[in-house]
Each structure stands twice: as structure tokens, then as C-alpha cells.
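What follows is a short report on a single structure.
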Amino acid sequence: KYGEGRVFATALGHDGPAVKTPTFVTTFTRGAEWAATGNVTIPIPPRLAEGQRQELPEPRVVTPTIGAAPPSDAVRLTEWTRPDGSPTGCVTSGDELTCRTGAGDAVSKEKFRSAQIHLEFLIPHMPNQKGQLKGNSGVYLQGITEIQVLDSFQNPTYAMGTVGAIYDQYPPLVNAARKPGEWHVYDIVFRAPRCNARGQELEPATVTVFLNGVLVQDHAALQFRRGMCDPGPILLQDHSGFKDAPDTTMKFRNMWYRPLE
């Protein structure tokens, strides 16, 4: 007591939205009643009672965009060639593109600059391989900058070569790899560089990447390379040209992009 009255004080309710929460409203009204009468009769809602929590089921573990239909303004990536323009060595079956070692890189017919890109990929189970020989492929933005594809589930390797890395530039923020034999999903926001009329970079390209719904690259500024000012394709890497590359069968599906400029 202070003099002949009572004082109720709270540090809650520091902004407009906060004063509308059930916790604040309950605390304030019960405190005001006590300050005015010395008693508290206003009940605590059951879900706010001390020591009690509303029983809810555990949230399902989901990958938000895996298997989702493309947005209405998306452009599907369904036509592929080799880099020289000859027919792709990959095999199309329905929505899936299967690329086995020796098929060659697969290049999309569509070319673009800034875009939202979605694709899903399945890495085979290769228990006899390790490191960079285990399910190695890559998604090249504009055919230039690689977002690494690799079996990185309990498979140590160098940081800038693991799945979710911008190869040889940035490691992923976290390892969000799923087990081999399970579908993975990349959601990529690519912002092309701002260039002058001579094709010189004024501001760098940036890329944000989600792997299986988890942020692994956050607005990363890319090293400038020749050709990045122009529209370019998606390139899916065939890793067979590298030393000791094993026979690997990669699958891709549900590939699309949305132009952002």
C-alpha cells in the first residue's frame, strides 16, 4: 500500500498490438480490479492458468513447397538440350527428368535474368561413395553460378561444396539435407546484376536459397562473371567429366521459374 491506495504497474503493453493480446488484457483487468477493490475475482482463462498449457498436437514436419503446383504465372522448365544445342542425353518421363552419368549437362530452353526458381531433385543412395563423389550435380543460374547438389546427409566434405552452397563462394547457413532417396526441393530467388550498356556490373547479382524449406543463403552477393548481365538458362550439371566420377543417376521434377523483372 502507498498512503491510502494501491498501485498496479506492468511493463507489458508497450505498443498497440501488444495491448490487444489475451495475456495483456487478462493481466491488466485483474490488476485494475485489485488496485480498485483489493480483491481479484476476474478469472484467468483456462489456457492462461499458471502451470497449464493448451494441449495441441505436434506440428507436422513438412517441406512447404515440395510437390506443390506452380503459380499461375510460372513458366515450366520442360525443354532441355546439351550446351551445344543438341538433344539432351537425359530422359523425360512425365514430369521427371532423369540424368545418368554421361548424359551431359542439361540446359533449359528458357533464358531469363531475375527470377524465382523452383525445382525438386532426388539423389540416389550411394553407400560406397563419400565426399564429392556422392550424388554430385549442380544447378547453374544463367548457366554460370552453381548452387551445389550433393548427398550431404552424414557425408562430410568441404563447406563450399556441400548441398546448399553457392559453389566455391558461400557455404550454406545450415545443413538442411534430407536422406538420399528422398526428394529435396530448392526455392531460389535470383536477382541479376545491374549493368551498364557496355555490360559492366554496377551492382552485384544476389541469390537467396531455401533448401527443403530452410533458409541456406540469405541475399548473398555473387562474384561477377562475364555473361551475367545477359539472360541465361538453368544448367543441370553432369559430373561425369571429373576424375573418378562414379555412375550416378539424378532425377529432377517440378521445375519452373517466375520472371521478376
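Worth pointing out:
- Most mobile of THR41, THR206, THR157 in a GNM of the chain (Cα contacts under 10 Å): THR41
- Under the Karplus curve 6.51 cos²θ - 1.76 cosθ + 1.60, θ = phi - 60°, whole-Hz ³J(HN,Hα) for segment 227-242, x wherever Gly or Pro sits: x, 6, 6, 9, x, x, x, 8, 10, 9, 7, 9, 8, 5, x, 9
- Segment 86-166, Cα convex hull volume normalised per residue, Å³: 120
- Cross-link pairs exceeding 23 Å in C-alpha to C-alpha distance, out of LYS179/LYS243; LYS134/LYS179; LYS111/LYS179; LYS179/LYS251; LYS109/LYS251; LYS109/LYS134, comprise LYS179/LYS243; LYS111/LYS179; LYS109/LYS134.
- Cβ crowding within 10 Å ranks SER93, SER114 as SER93, SER114, fewest other Cβ atoms first.
- Cα centroid of segment 155-194 to Cα centroid of segment 95-146, whole Å: 12
- Helix 22-37 and the longest principal axis of the Cα set of the chain meet at an angle near 10°.
- Legend: ranking of residues LYS134, LYS109 from fewest to most surrounding C-beta atoms inside 10 Å; resulting order LYS109, LYS134.
- Among ASN136, ASN155, ASN212: highest mean-square fluctuation, GNM of the chain, C-alpha pairs under 10 Å: ASN155
- Computed over the chain: relative contact order in percent, which uses C-alpha pairs under 8 Å that are six or more apart: 24
- Comparing mean-square fluctuations of ALA32, ALA176, ALA165 from a GNM of the chain with C-alpha springs under 10 Å, the top value falls on ALA32.
- For the chain, average projected area of the Cα convex hull in nm²: 22.1
- If you sort the three axes of the alpha carbon gyration tensor as a ≥ b ≥ c, you get a/c of 1.5 or more for segment 160-216 and a/b above b/c, which makes it prolate.
Read-outs throughout are calculated quantities, based only on the coordinates presented, and are distinct from any laboratory measurement. Because the structure is a prediction, the values reported are computed rather than measured. Every residue, glycine as well, gets a Cβ built from its backbone with ideal geometry; the counts of neighbours run over all protein chains shown.
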